[in-house]
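Let me begin by presenting the structure, written as structure tokens, before commenting on it.
Coordinate-derived values only; no laboratory data. All values reported here derive from a predicted model rather than from experimental measurement. For neighbour counting, all protein chains shown are included, and Cβ atoms are generated from backbone atoms with ideal geometry for every residue, glycine included.
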């Protein structure tokens, strides 16, 4: 297609949700259709 990436750009193939910034003390949890749970906390 002739469209290049610029420094710092990110490609998300098949992302389930939009990206957003995380900050100190944020805690995120996701459950994927009964398959698994995952959580992350930023310190």
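In the stretch 1-24, the residues that are surrounded by 10 or more Cβ atoms within 10 Å (Cβ to Cβ) reach residues that are assigned to a loop (DSSP other than H, G, I, E, B) with C-beta atoms within less than 6 angstrom, at least six apart or across chains, in these pairs: 22/42. Residues in the stretch 29-42 include at least one that is out of contact with any helix residue (DSSP H, G or I) (no Cβ under 9 Å at 6 or more places or on another chain), assigned to a loop (DSSP other than H, G, I, E, B) and touching a residue at least 12 places away in the same chain (Cβ under 8 Å).
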